[in-house]
Every structure is written in structure tokens, then in C-alpha cells.
């Protein structure tokens, strides 16, 4: 998981997950509390960076409530929710370039 930089007031989070439902379940729970709405879409990368990952699931959050929880705290909370719900290990990359090469 990584936070993609944006300039338009939205928040974009990228995930390498086997199925998008893993992301959708978490963001359905957060909708209305931390943001108004979100979109989930698959982004195909033009070149394979590490020989394994050629796509990522990207969540674009509209109208984020950054007063309730700062953007720096979002990854920790999402990581914790995913690990508890799905009993998996989630890695957060604070650098988007590291995420692309993971």
C-alpha cells in the first residue's frame, strides 16, 4: 500500500492485492466517516517494473475529512483494519517509488 501524491485535493491510495474486494470492504466501512465517496479502479502499468506486478488497484477518495484524521495517520489505520479483517500482513511504503518497485 502507498499514498500517491496528488495536487487536486483528492487522496489516492494504491494497493497490490489479489482481489479488489479486499480494498472495497475496508473503504465501504470508512465511507461517511473519513470521506464522502471513493472510486476503485485498476491501473495497468505501462511496463513491468519488478517482473511481478504489472497493475495496482487505486482508490481515489473525494472530499477527505483531514480534520478528523490526518493523512499521515490514514495508512496506519487502513493497514490495521486490513490485517485484523483478513488476517494478512500489509506493507505500507512511505515512498511511492518504493511501492512501484516492490
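The values are calculated or read from the model by the stated rules, or taken from the named source; none is laboratory data. Please read all numbers here as calculations on a predicted model, not as lab measurements. Cβ: placed from backbone, ideal geometry, glycine included. Neighbour counts: every protein chain shown.
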Item to check | Condition check for residue 3: at pLDDT below 95, touching a helix residue (DSSP H, G or I) at 6+ places or on another chain (Cβ under 7 Å), surrounded by 12 or more Cβ atoms within 10 Å (Cβ to Cβ) and not in a loop (DSSP other than H, G, I, E, B) | outcome: yes
Item to check | helices (runs of 4 or more DSSP H) completely within region 17-102 that count 2 or more residues being without any contact (Cβ under 8 Å) to a residue 24 or more places away in the chain | outcome: 21-30, 74-86
Checklist entry - Among 45, 82, 77, which is the only one that is modelled with pLDDT of 90 or more, surrounded by 11 or more Cβ atoms within 10 Å (Cβ to Cβ) and within 18 Å of residue 18 (Cβ to Cβ)? => result 82
